[in-house]
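Here the structure comes first, spelled out in structure tokens, and everything after it is commentary.
Read-outs throughout are calculated quantities, based only on the coordinates presented, and are distinct from any laboratory measurement. Model, not experiment: these values are computed from the prediction. Here the Cβ is made from the backbone with ideal geometry for all residues, glycine too, and neighbour counts use every protein chain on show.
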Amino acid sequence: MLLIGYLLGIVYLFCMFVMSLYGINALITAVLFIFAKRRLSKMQAIIESEEWPTVTIQLPVLNEKSLVEHLLQSVTELDYPAGRLQIQLLEDSTDDTVLLSARLVEEYRARGINIECIFRTERSGHKAGNLKNGLKTATGELIAIFDADFNPSPDWLKKTVPLFQDPKLGCVQTRWGHTNREYNLLTRAQALAMDAHFIVEKTARSYTNLFMNFNGSAGIWRRSCIEDAGNWQTDTLTEDLDLSFRAQLSGWKMEYLPNVIVPAELPASIEALKKQQFRWAKGSIQVTRKTIKRLFRQPNIPWYKRISGLLQLTAYTVHPLMILTLFLTLPVGLLAPHFFTYFPISLIATIGPPMLYSLAGAKDTPSLAGRLKILPIITIIGLGMSLNSTIAIIEALIGKGGTFVRTPKLNLTNNSGSSRPIDRSHLQPISPMVWGEIGLSLYALLTIAILQPRLGWVIIPWMGFFWLGYFFIAALNLYQHWHEQYSRSSFAINERA
């Protein structure tokens, strides 16, 4: 038993060590951002372009009837020379969104706007296949991409296009804003997490010329960069991350503009968030498997940039390590509790993520006090989502393919009590994963009950967050599912009445 305890203790320390690497990476990123803030003022000025290149705007749409009208209104109001702008509505919908899209496009065409609606009869390759298909008839030297819930301001192109005077620049990403930050507690937590990624992390990476990624929307590519890097490819669920790394490994640069903001919608239900995070987690590991050899064999890449790129690609592996740590805590606490005191560096690593969130301040974000209030909720959600991401990572590691599951967007605002009708026809059913989350929460409670008499109250905060995380996610999932079913039933009754 003593040998088993030592072996389990070593595995426990290994998990803590690897998780600490990601925590230290977050801490380094936060420090780099502090230095990078000096650069922000220089990026606020609009660069004048000597000659405006041709631009194609691609709008991939999939069953987003409640969003497409607002999307087209925003895009057709972009301030850019009309003869040098092409708009492609890339329609992959399987519902009556296609009828609305066709009608709207014809109306805009009648006004003299260069816009077309491209329907695919064979919808292979998910979003990547849709973008690649649109590229066949695209006329622009630059390709801007907006998902259906994004609404750029009229000067968006005037702020991004001039940067492409640098011939080595392949892509420019702009910051995501949030149309429904205050909709509920879940959207407030997501907004802060997104702000930490876009305001802090991406700014720091851009400042230090580390690997960056296009986030799938609100960005603009040089067409020759897309083609040189191998075009859009359909073998991962995160085509944006895949193309970003292939392009940078081919020698292209990426730029980020934190002061150019495009508002978009956050998932307001936990089931929608799970589907989104599942796709991102699985896709990132698929890209890792596809890219890792080239990342470490490509010449003339500094070692720190390789390590940073690897940590970026594999960030979701923290989640299976969390679950493994949860399972190991009970046997290690019973057989070899002294291992809990062997790794004080983990305490340093825990400073990193809170620093990222604390620094994610801008004119359109909450105050520091407001951000600090959300930190415990982000921790709880992060722990509670770990089972979802772990299953996604396992599927990616064993080579299991995947279906691109669209994140439902409902045209929500900050007013959760709005009487405006919401299209709920494409909401996802509840996942049976919720029962696994309940089981993990009960295991965390069992660990507390058994180890507290032996180790004292120190075990409660650590395991308590595990219990609360899984319980919160499962309970919220069940509640929102029940509420959605009730809403649909009430709607059906009212319709019959």
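A few notes on this one:
- Taken along the Cα-to-beta-carbon direction at a fixed 7 Å, the label points for Ala362 and Arg123 span 3.2 nm.
- Lysines whose Cα lies under 21 Å from that of Lys136, excluding same-chain neighbours fewer than 8 positions away: Lys127
- 10 Å Cβ shell holding at most 12 others, DSSP loop, trypsin sites (Lys or Arg not before Pro): longest site-free stretch of the chain: 169-362
- With the convex hull drawn around the C-alpha atoms of the chain, the volume per residue stands at 160 Å³.
- Qualifying lysines (Cα of each under 16 Å from Cα of Lys168; at least 8 residues distant if same chain): Lys253
- Anchor Lys305: aspartates and glutamates whose Cα lies under 15 Å away (excluding residues fewer than 8 positions away in-chain): Glu201
- Exposed-site-free run, longest, the chain (rule: chymotrypsin sites (Phe, Trp or Tyr not before Pro); DSSP loop; at most 14 other C-beta within 10 Å): 1-341
- Take the Cα of Trp462, step 7 Å toward its Cβ, do the same at Val31, and the gap between the two points is 2.6 nm.
- Between segment 253-312 and segment 320-388, the alpha-carbon center distance in angstrom: 20 Å
- Membrane-span-like helices of the chain, defined as complete DSSP H segments with a Cα extent of 18 Å or more along the helix axis and a mean Kyte hydropathy of at least -1.0, are identified as 2-40, 97-110, 270-297, 318-335, 368-384, 433-455, 459-496.
- Estimated [θ] at 222 nm from DSSP helical runs (n ≥ 4, -39500 (n - 2.57)) normalised by residues in the chain, nearest 500: -18000 deg cm²/dmol
- Modelled spin labels at Ala315 and Phe14, positioned 7 Å past Cα toward Cβ, are 2.6 nm from each other.
- Derived scalar couplings between HN and Hα for segment 207-223 equal 4, 9, 6, 7, 4, 10, 9, 5, 9, x, 7, 6, x, 9, 10, 7, 4 Hz in order, rounded to whole Hz, by the Karplus curve 6.51 cos²θ - 1.76 cosθ + 1.60 (θ = phi - 60°), x for Gly and Pro.
- Förster radius 41 Å - calculated FRET efficiency between Gln233 and Ile4 (Cβ-Cβ, nearest 0.05): 0.35
- When only the Cβ of Lys, Arg, Asp and Glu is charged (+1, +1, -1, -1), the dipole of segment 49-315 relative to its Cα centre reaches about 1260 debye.
- Within segment 254-315, the proportion of Cα pairs with more than 17 Å between them is 60 percent.
- Cα centroid separation, segment 157-205 to segment 1-26: 35 Å.
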